[in-house]
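What follows is one structure encoded as structure tokens, with my remarks underneath.
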Amino acid sequence: MPIIAISPCDKIRDYEEAIRRAGADIRVLDRTVDRPADVIKSVDGVLLPGGGDVLPSIYGEAAHPTYSAAEPGRDDYELELARRAIEADLPLLAICRGIQVLNVARGGSLVQDIQEEVGVTVNHTHRESPVTIAHEVWIAEGSLLDRLMHETLDGDSCPVNSRHHQAPKVLGQGLAVSATAPDGVIEAIEDPSRRFCLGVQWHPENFYRTGEFRPIFEGFVEAARK
């Protein structure tokens, strides 16, 4: 059974359940002892979960007033973990903050505050319930995300939950957009040159009980198994 490493975060249970139900074992990392170089050699895939904002100075910008820092040391740790996973072609799934880490790790930048930079036509910070649908995303035809979700899609659209105020802006090297919101905000990115390298801006793990996004986790685990 493949082993999936999950970078630690405050709300980890749903990530663990989504991975287990997809058929893999879990290893929750400890940033104080688990060096990224060693992690990559000892697991079959890496999951980067949600959390606070990536420090803007890392991608060359001053912090917006809404900047909310992640746990101390988390930025450096996860950026190195992402870079090493990509270099090793180790399957990587990045969720919410994770997609932002993935983009910055490849030299990209972020929209620091969607409401200010994009507008309010789409609600990206819907927090009534973890599984409340906030808006739809439009998935790029032929993308990895499209292949994973094809049987459940209504045309090219997919309803998602949403709890974020940031998103990828300028794409990092080698990355492609695989989904957008109706307001143009990037909702998913991937690296087509890798076995499995996918980032999504919503929280598919919250639906582990009902399975709407199980194909994403099953595809990730299958890539890790190979």
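Bear in mind that the values in this text are calculations on the coordinates, not laboratory data. Treat the numbers as computed from the prediction; the structure is a model and nothing was measured. For neighbour counting, all protein chains shown are included, and Cβ atoms are generated from backbone atoms with ideal geometry for every residue, glycine included.
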Practice problem: Could you list, in sequence order, all residues of region 46-96 that are touching a Lys or Arg at 6+ places or on another chain (Cβ under 6 Å) and on the phi > 0 side of the Ramachandran plot? | Solution: 51, 73, 89
Self-check item: Neighbours by Cβ (under 6 Å, 6+ apart or cross-chain): first from region 50-71, in contact (Cβ under 8 Å) with a residue 24 or more places away in the chain; second in a helix (DSSP H, G or I) and not aliphatic (A, V, I, L, M)
Solution: 50/97; 51/97; 54/75; 54/100; 63/56
Practice problem: Report yes if residue 110 is under 22 Å from residue 44 (Cα atoms), of a type outside the set (Phe, Trp, Tyr), under 15 Å from the mean Cα position of the chain (by Cα) and crowded, with 22+ Cβ neighbours inside 10 Å, otherwise no. | Solution: no
Self-check item: All positions within region 98-125 that are in contact with a helix residue (DSSP H, G or I) (Cβ under 9 Å, 6 or more places away or on another chain) and in contact (Cβ under 8 Å) with a residue 60 or more places away in the chain
Solution: 98, 102, 103, 104, 105, 106, 107, 108, 109, 111, 122, 124
